[in-house]
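Here's the structure we're looking at; comments come further down.
The values are calculated or read from the model by the stated rules, or taken from the named source; none is laboratory data. All values reported here derive from a predicted model rather than from experimental measurement. Reconstructed Cβ throughout: ideal geometry from the backbone, glycine too, with neighbour counts over all protein chains shown. With ligands, DNA and RNA removed, areas are computed over all heavy atoms of the protein, side chains included. Shrake-Rupley method; radii C 1.70, N 1.55, O 1.52, S 1.80 Å.
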Amino acid sequence: MMIYKQSLLSMAVPFDFGYMDIATAAERILGAAIHFRASPAEQNTRKNPSRGRGVYRFSNAAALEETITPPVKVSYTQHLINGQFVDAASGKTFPTHDPRTGEVIAHVAEGDAEDVNRAVAAARKAFDEGPWPKMSAYERSLIMLRFADLVDKHRGELATLESWDSGKPYEQSAKSELPSFARLFRYYAGWADKIHGLTVPADGNHHVQTLHEPIGVAGQIIPWNFPLIMFAWKVGPALACGNTIVLKSAEQTPLTALYAAKLFQEAGLPPGVLNVVSGYGPSAGAALACHMDVDKIAFTGSTETGKIILELAAKSNLKPVTLELGGKSPFIVCEDADVDKAVELAHFALFFNQGQCCCAGSRTYVHERVYDEFIEKAKARALRRVVGDPFKKGVEQGPQIDSEQFEKILRYIKSGVESNATLECGGQRFGSKGYFIQPTVFSNVQDDMLIAKDEIFGPVQSILKFKNIDEVIQRANTTRYGLAAGIFTKNVDTANTLSRALRVGSVWINCFDVFDAAIPFGGYKMSGIGREKGIYSLHNYLQVKAVVTPLKNPAWL
């Protein structure tokens, strides 16, 4: 496996289902993968370099195969409030769907303002009166480490639920995201007893110290594209700092947050420290963001929703807000690039997780000297991409999350065609059920087209041509977003020039999506406020207090 594929959440390891019973069961039912196939006529035109770029058609026959029944039971569908799984106050539930088929997986408690009130009251009591903030930092770290051990023990169940609810390949969940999930909590457990203030020299006879105190009750709202990873990014630093939490999961993917919360109970987390409410954004999410007894809110999702969260926080108790929002990240292929490697990395940067990644390299800028070669090879790579049931071995791409996202992506593809971008391949749904979309590649894309400006959040690669470094810097920065960027070059001077000029929070040089626990992540401009992961994420969940004491006849100052 090449290095640019190893960047997947920094956790690429040989795929092996044999580490636990449920994973072994999954291996036994894995079937043949689904591949795109070009027609004989298209295979003939592919051999003829003089032909115009046409649209390749894909066979849908394999998509009609029966889907695999995931070998896991859905055990937790209620809210977790004050250490107890409870129904919604209204008694309502909502369905969570299998994106492979659109069928209902389970019905989950539908939270609203009353459920949020109950959860916040539990978190407040746990913070003001409970043992969690008063524990030694070392004791808190031990609970987090026990949780990480339980995650390893139940990795198969968690990975299966994650893929079933979200549609991402099981191989990705089991061998990349679950190891990263456990690693993140071990990382933050290590920070718990290393958070401290300073002794500050001051003019005059005073002893001055700073205390780093937990902020209190943290409200957290996580998205559907990486439910467990975002759970870790939010919950890990908040617990390490001694806070209590009310977390709202995405309505599309509520199952793994509830399962993880149950494991935290088993690890010894006191009641009320972590509360999980399932529900919709306009009801449960809004109630959490504007709650007067929530001391901090953290949100990952779209820029449009982030604006609403910020407004609700400001209009209530002016609680501090951390936002990780949308992106339209440039991936820049320079003229000295090894085209084969650049194509593979650009493909990964865009199509990973069905293209449902906030930092996806969704504007592929390619130098004019290698542009034509890149287009041909990018198209060929997209045609080889394996699409199908995420529980089948070898599948690279599962379905989009739901019908709304599915239809949105198809509208953007239609917009690209109508804007006179060249549709190299894909552009249609794949199969007759579920929310599968063919890997799609556009060439001759211009900066003013919607597919080059908007966050599509799907398997649509837009490839643009540039002439020189100054030009691509200006074009790459002409966007309301600033989350990430990729650079592919052999020239260290080019890499240094671009990495300092691009107005983004993360720059990956000859790699992409390297998400180590210690590396901060966040955006410039309308891609967010604040940073997650690493030492920087701790700042989101701490207050700094200055304590000043007079000194009488000090021996030194």
Handout entry: Size of electric dipole in region 319-381: Cβ of Lys, Arg +1 and of Asp, Glu -1, about Cα centre, debye, nearest 20
Key = 440
Problem - Protein-only accessible surface order, largest first, of HIS212, HIS154, HIS367 at 1.4 Å - result: HIS212, HIS154, HIS367
Problem - Accessible area of THR479 in the full protein assembly, 1.4 Å probe (Å², nearest 10) - result: 30
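Fully extended, how many nm does the chain gain between LYS315 and GLN84 (0.36 nm per residue separation, minus their Cα-Cα distance)?
Numbers: separation 231, 0.36 × 231 = 83.16 nm, distance 3.16 nm.
Here the segment from LYS315 to GLN84 would lengthen by 80.0 nm.
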Fill in the blank from the handout: Amide H contacts under 5 Å for ASP336, restricted to residues at least 5 apart in sequence or on another chain and with H modeled in the peptide plane, are LYS490
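Residues of the chain: accessible area per residue at 1.4 Å, in Å²?
Values: 21950 Å² over 557 residues.
Solvent-accessible surface per residue comes out at 39 Å².
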Exercise for the section: Work out from phi, with θ = phi - 60° and the Karplus expression 6.51 cos²θ - 1.76 cosθ + 1.60, the ³J(HN,Hα) of each residue of region 208-221, listed in order in whole Hz, and give x for Gly and Pro. Expected result: 10, 10, 10, 10, 9, 10, x, 6, x, 8, 9, x, 9, 10
Practice task
Can you tell me what the convex hull of the Cα atoms of region 389-473 projects to on average, as an area in nm²?
Solution key: 6.7
Practice task
Run through the DSSP bridge list for the chain and note the antiparallel percent, rounded to the nearest 5.
Solution key: 45
Exercise for the section: Order GLU324, GLU171, GLU304, most accessible first, counting only protein heavy atoms with a 1.4 angstrom probe. Expected result: GLU304, GLU171, GLU324
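Which entries of LYS125/LYS545; LYS175/LYS248; LYS73/LYS125; LYS125/LYS175; LYS175/LYS341; LYS134/LYS262 have Cα-Cα distances beyond 28 Å here?
Working: LYS125/LYS545 22 Å; LYS175/LYS248 26 Å; LYS73/LYS125 33 Å; LYS125/LYS175 38 Å; LYS175/LYS341 23 Å; LYS134/LYS262 23 Å.
In this structure, LYS73/LYS125; LYS125/LYS175 exceed 28 Å between Cα atoms.
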Exercise for the section: Could you name the lysines whose alpha carbon sits less than 20 Å from that of LYS408, not counting residues in the same chain fewer than 8 places away? Expected result: LYS168, LYS328, LYS433, LYS453
Exercise for the section: Would you compute, for the Cα atoms of the chain, the largest minus smallest coordinate along each principal axis and list the three values in descending order, in whole Å? Expected result: 88, 55, 43
Exercise for the section: Using label points projected 7 Å from each Cα along Cα→Cβ, tell me how many nm separate LEU198 and TRP556, to one decimal. Expected result: 1.9
Fill in the blank from the handout: Here the equivalent ellipsoid of region 62-202, derived from its Cα gyration tensor, has semi-axes (largest first, whole Å) of 35, 24, 12
Problem - Positive minus negative residues near LEU538 (Lys, Arg vs Asp, Glu; Cβ under 15 Å) - result: +3
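Leaving out ligands, DNA and RNA, what percent of the accessible area of region 355-447 is carbon and sulfur, probe 1.4 Å? Don't jump to the answer; show the numbers that get you there.
Working: 1320 of 3030 Å².
With neighbouring chains kept in place, the figure for region 355-447 is 44 percent.
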Fill in the blank from the handout: Partner aspartates and glutamates whose C-alpha sits under 15 Å from that of LYS379, ignoring same-chain residues fewer than 8 away, are GLU42, ASP340, GLU344, GLU424
